[in-house]
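Report on one structure; see the data block that follows.
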Amino acid sequence: MQRIYVHPFPVRLWHWINAVGFVAMMLTGTQIRYVGLIDLMSFRTAVTVHNWIGFVLIGNYFIWLLFYLFTDKIRVYHPELSPTKHFKASFRQLQYYGYGIFKGSPNPHQVSAYDKFNPMQSMMYQVVMFLLVPLLAVTGVLLWDVQGFYGAVDFFGGVRVVDTVHVLIYIFFVFFIFFHVYMGSLGHTPTAHYKAMFVTGYEEIEEEPGQGEATKR
Ligand code: HEM
């Protein structure tokens, strides 16, 4: 068993705050969106908590962003520029999660400090961290003070457009969280990825013959 340090402290700190914050944002956001249909808390409390945690999460995002921008670990987010290679590797990963994992086949992706994401994670996390989270934050801030940001809201097509984008990304994240938590349990033990991301920072790699062959270039 090999131990590889893949989640440095700033990334774990960002992720703890982000995970708790997102769950709170979803609960309060659901209350705001479906006021009259559900009664988790008062509308006013939901709005106040949603606004405060929203700003905490925006600040928290910069822990993640600055860490990656100012260290060479940004390499884990470098995209595979050959679409053929990327889609072939993603397909192999999909086959593994859909079939191979149930009959004990080795994971086609071998984790290393600068290549910790499999091709599916790599694409998903790039879209989430560089597109959806920033877009969620920007639309959230605009909705927080529609009158103050009148010019920007108008530029993006009005309150309806900004609100629709915000709500669609919220719906995406509701599904994402369930999927992400499930995928997080598919390490060599059900808690292996959780321990690495939430506690130690180290992934434990089982060395099996043939492992990683499929992704070697
Ligand atoms: C209950 C909430 C959550 C749990 C239990 C959880 C669990 C995990 C685990 C176990 C990992 C490490 C395994 C892996 O790389 O996939 C991870 C990584 C990651 N998670 Fe989550 N997560 C949660 C919420 C979120 C949310 C809300 C987001 C985004 C908005 C998110 C984004 C990410 C990203 C981007 C990574 C890779 C981070 C990096 O190394 O740069 N997670 N998560």
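Read-outs: derived from the displayed coordinates by stated rules, not from any lab. Note that the coordinates shown come from a computational prediction; the quantities given were computed from them, not determined experimentally. All Cβ positions, even for glycine, are placed from backbone atoms using ideal geometry, and neighbour counts span all protein chains on display.
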Max mean-square fluctuation residue, GNM over the chain, Cα-Cα springs under 10 Å, options PHE198, PHE155, PHE22:
PHE155
Based only on Cα atoms, what mean projected area does the convex hull of the chain have, in nm²?
14.3 nm²
Where a Cα-Cα gap under 24 Å defines reach, which lysines qualify for LYS73, not counting those fewer than 8 residues away within the same chain?
LYS85, LYS116, LYS195, LYS216
Simple label model, 7 Å out from Cα along Cβ direction - VAL127 to LYS85, nm:
2.1 nm
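Quick one: compute the contact order of the chain, relative version, from alpha carbon pairs under 8 angstrom and 6+ residues apart, as a percent.
RCO, the chain: 33 percent.
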Anything in the chain that counts as a DSSP H helix reaching 24 Å or more along its axis (C-alpha) with Kyte-Doolittle mean of at least 1.6? List them, would you?
159-183
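For a quick check: sort VAL20, VAL162 by the number of other beta carbons within 10 angstrom, fewest at the front. Let's see the in-between values first.
Values: VAL20 13, VAL162 23.
Ascending Cβ contact count within 10 Å gives the list VAL20, VAL162.
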So how far, in whole Å, is the C-alpha centre of the stretch 28-83 from the one of the stretch 153-180?
12 Å
If one builds a Gaussian network model of the chain from Cα atoms under 10 Å apart, the most fluctuating residue listed among SER90, SER122, SER185 is SER185
